[in-house]
Each structure stands twice: as C-alpha cells, then as structure tokens.
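Nothing in this text is a laboratory measurement; each read-out follows from the coordinates by a stated rule. Every value quoted in this text rests on a predicted model; they were computed, and no experiment measured them. So basically every Cβ, Gly included, is an ideal-geometry build from the backbone, and we count neighbours across all protein chains shown.
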Amino acid sequence: MPSGIVLLIVVAVAAAWGARTVYRLRLNLSRTESELRTAETRYRTIVARSVQGFYEATREGQLLSVNESLAAMLGYDSPADLRDVPAERLHVDAERRTDLWRAIQERGFVSGFRSQLRRKDGRAIWVSEFARGVFDASGRCTQAEGFIEDITESVEAEQLKSDFVAFVTHQLRTPLAGIRWMVELAQSEQVSAEAASFLEDARVSAERLIALVNDLMEITQLEEGRLRSVAEHVDLVKLTADVIAEIAPCPASRQHSVVATGDASAIVFADPQLVRRAMANCLWNAVKYTPAGGTITVRTECDESSVRWSVRDTGIGIPLAAQRRVFEKFFRADNAQTVDTEGTGLGLYLARLIAERSGGSIACHSIENEGSTFTMVLPLARERKAVA
Amino acid sequence: MIGRTILIAEDDRFLRRAAELALKQRGFSVVLAEDGSQALALARTCQPDLILLDVLMPRMTGIEVLRQLRADEATRHLPVLVLSNSSKELDVDMANQLGIEGYWIKANLSLKELGDRVTALVGKESHAADA
C-alpha cells in the first residue's frame, strides 16, 4: 500500500522532528535556566562586591539587604551586623529621611540625593544616593532599593570653596551697595540734566553688576547642590502665567505677542522659585532675541511620565554650531552678541542647572533667522494633587 | 510726638553714612555704631525703636550681638532687622531662631526700599514734614 507507506514515513519523519524539537526545547530551557542562575549569581556578586553601598529597605525603616561596602562605609563588621539597625538610627536628620521617601513617592526615584548618615562609631558621613521605589498596587511606595556613595571628602572640599565664595561675594557686595546708595543720594539732590543722566547710567551699571554677583553666587550654590530648595507640588500652567505677567510690563516684551497654552494637569514636584527662574530666563531669552512684532508661544504638554514645557520664538535663531553650546556657562552665540552686548551667558546655564536639579533636562532646537524653541522636560508628579 | 529712633550697626563707613542720611531725610532719629560691641552698648542705653544690624563686624559679629540682646531682659524685646551682604545659611538660620524682623541683602536694596521697610516696621515717622 503505497499510500500507507507514505503515511508511515510522514508520521515517522514528523515524530522524529517532534522529538528533536522537544529535545532542543529542553536543551534551550535548561540552558536558559542555567544562564539565569549564572546571571543572578553574577548580579549578586556585582552588588556584593560593588564599591558603592547597596541596600533594600522598607518604608518603615527595616533594612532587607545590604552589601559589604555599605556595612564597611558605616563602620559595621558585616552586612548582618548592619541589617538589624533601624533606618531612623542611621539618618542624622530625620527630616531628610522624610524628604527622601517623599521624593521617591512623588518621582519614582531619586538621583544624587544628599544626606548625612551616622556610622556605628557615631561619626556622621555625607552620602549621595540613587534609589528607586517599589510600588504596591495602590501606587504607594513600600520599598526602595538604592546605591549609596560616601562623598564626605568632596563635601568638605566644597564647604571650603563655598566659604570662599561667600567671602568674595560679601567683599564685592559691600562696595557695590556703597556705590548704589551714594548714587541714589546724589539723585535726590538738585543737579543739571546732564549730571542727572550720568547718575542714572551709574545706577543702572551698579545694579547690573550686583545682579551679576548674585547670579554667580546662585550658580555656585546650585553647582554644589547647596542652594536651599524646597520641593512641593507646582502647577506649571499657573507658574507660566505668573512668569508671563511678570515680564509683560517691560517695554521689550510689549513689542511681541506672547501666547500660552497648557494642559491643566501639568503638576511637577520641584522648588517653585527655581523653576520660575528657569522659565523666566528662557522667556527673557525669547523676548531679547526676537525682533519687534514677533510671536512667542509657550506650551505646557504632558505625557504619562513627564511635562514638556517649551518656549518658541520667531527670533534670530541660533547658528547650528552654537546650539550644542548654549547651555554652557558664559557661552554666547556670535549673533546674540550683535543684538545684545549686555548678556552674561549665564541665564540658560542657570536654567539647565535648575532643570537637572529638578530631575529633568533642557534642550534647544533652532533655525537661524527663523526662530528657536527651548524645551524643558520635568518629571510629572506621581500624585497630581490639587495645587493651592 | 517724639520721633522714632533707629540704631544703625554697620562697620562700612560709606554704607553707614548713606543709611544715616536716608533715614534722617525721612525724619527718624539715628544712632550709629561702628562695631558689634558698640551696637550692644548703644542698644542697652538708647532703647531704639529698631536696630539695623550688620553681621560681619569687628569685635563682635551681628549674630553674637543678637544672641546677647535676646539673653538680656532689658533688650530682649527690641526689634532687629538684619542687613548683611552675605547669606550664609548658618547665619540666616541662627538669626531667624533668635528672632528678627527680616534678613536682607544690602546690595539688593535701594535706599528707598530700605526706608520703606523701616517705616513699615516702626510706624509712620512724625517729623517727615519738616525734614
């Protein structure tokens, strides 16, 4: 029976092929399992041997696991020795621990979070922490896992630098206040129209120099992560309206039409004063580098995890080569120099520091002689509470 | 009605002079101290209506002056406005804890703003009209 033989052959071939597949699958499966085991062992070894401290902890303050480095950093004999210590005893400042969990709850993670921890011998050390939250079904952060680095030495060096900056700032501000006040007194006297115009120029110059000293000091503090900042829920649409209202009375901004659109749910968790400053700097830039009669569009848009805040102008634009550098300290594009010689090259740098400090980023896109768009992306607050 | 007295504690002679003139123009009586210990002594004897207190001064810092003012029954109640040119967190915190009306950076204030703030704190001056 030829058809029977054919069927038999077909079945035999199919069976052989099937068996081979099963064998292969088994082989693959066991290979995957062993790969997984190897990967896990490797991962554990990396964590255990990491020079950075590693921990997993509950929100209530129980350490679930820690590595050798963290135990050594905090002066404990072994990870087991450290694991039994409640977290509140490790944190020098209880409020800072609250800040940490609050930030993890709101943003999902923290990066470069600074705090002081207490060693077993009682000595306090400065640490920088990267931690990610583990959330339950209701969206509450119940655990965190994080890497910790001892930054005591660099913090102490920064302290010296910061003391120095504070000293220099004071030394500059005192004579500047002297000039400012004396000019003001002179302006209250009867003088010729010409002398009055000289005095007004002197006043404007003194105030510009004072503003520059203030910016430099603020930048130094932001660079060192020392500027006192208070994070809260901030409504970016509302803040945008405030910033626009603030610059509206100035003659330069009245030459343009400023339009703002926004998603009402654009709530971020950041310092409102700092974000306001970053926004104002971007907006001033658009106002300054747009010829009269231009249009400035401010947009606030949300996706699932972030807010994109952008300012688009119809100004002189930024040459391609300069676009990569506009966020550098003291950098000014050649064509900016020709429009306005007073700029310091600090405004956008400050905006970048603030965006980064708030867990976000800033970028620019521009076509020369057509306009520029500056976009700040900030993480959306996880809980979009109503903002007062 | 007796004019209000303001004690200016400031070691920089230009700032001292400018602040003195500006406040006198508004009709305030002004007492001057060039360092911390003078400021403390004058606060005790003159009982001014407001003290404008610098922080970085010779002999005694403004923070120490403030501490001693608050420790003494006779001067505990005197209102103090700190006018500094440095904003060290430690000083700001300490001054706030000890009790002040405000902490201002001198370079960021115009004389007009300074005068307005002083007026707001001690009430309307009585001799403004004949100044």
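Using a cutoff of 8 angstrom between alpha carbon atoms and counting only pairs six or more residues apart, the relative contact order for chain A works out to 11 percent. Taking Cα centre as origin and charging only the Cβ of basic (Lys, Arg, +1) and acidic (Asp, Glu, -1) residues, the dipole magnitude of the protein assembly as shown rounds to 1360 debye. The angle between the Cα long axis of helix A:94-107 and the longest principal axis of the Cα atoms of chain A comes to about 70 degrees, rounded to the nearest 10. For the stretch A:89-179, the equivalent ellipsoid derived from the Cα gyration tensor has semi-axes of 35, 18, 11 Å, listed largest first. Could you sort out which of B:Lys24/B:Lys106; A:Lys161/B:Lys88; A:Lys120/A:Lys161 sit more than 24 Å apart by Cα distance in this structure? Distance filter (> 24 Å) returns A:Lys120/A:Lys161. Each residue in A:Arg203, A:Arg324 was given a count of other beta-carbon atoms within 10 angstrom of its own, and listing them fewest first yields A:Arg324, A:Arg203.
Working note: Karplus 6.51/-1.76/1.60 with θ = phi - 60° gives the stretch A:44-55 the couplings 5, 5, 4, 5, 5, 8, 3, 6, 7, x, 10, 8 Hz, where Gly and Pro are set to x. Once the convex hull of all Cα atoms in chain A is built, its volume per residue stands at 250 Å³.
Annotation for the stretch A:281-368: chymotrypsin sites (Phe, Trp or Tyr not before Pro) lying in DSSP loop with at most 10 further Cβ atoms inside 10 Å of their Cβ are A:Phe330. Among the listed pairs A:Lys238/A:Lys288; A:Lys288/A:Lys329; A:Lys238/B:Lys112, which are separated by more than 26 Å between their Cα atoms? Distance filter (> 26 Å) returns A:Lys238/B:Lys112. For the peptides A:165-178, A:39-52, the ranking by packing is A:165-178, A:39-52, with the highest mean count of neighbouring Cβ atoms within 10 Å listed first.
Applying both filters, DSSP loop and at most 16 other Cβ atoms within 10 Å, to the GluC sites (Glu not before Pro) of the stretch A:152-207 gives A:Glu189. Close amide H pairs (under 5 Å, H built 1.01 Å from N) link A:Ser65 with A:Glu56, residues at least 5 positions away or on another chain. Computed from backbone phi, the HN-Hα couplings of the stretch A:150-163 come to 7, 10, 3, 4, 6, 5, 5, 5, 4, 4, 4, 4, 5, 4 Hz, rounded to whole numbers (Karplus: 6.51 cos²θ - 1.76 cosθ + 1.60, θ = phi - 60°; Gly and Pro given as x). Across the stretch B:107-123, computed HN-Hα scalar couplings (Karplus, 6.51 cos²θ - 1.76 cosθ + 1.60, θ = phi - 60°) run 4, 8, 10, 8, 4, 4, 4, 4, x, 4, 5, 4, 4, 4, 7, 9, x Hz from first to last residue, x flagging Gly and Pro.
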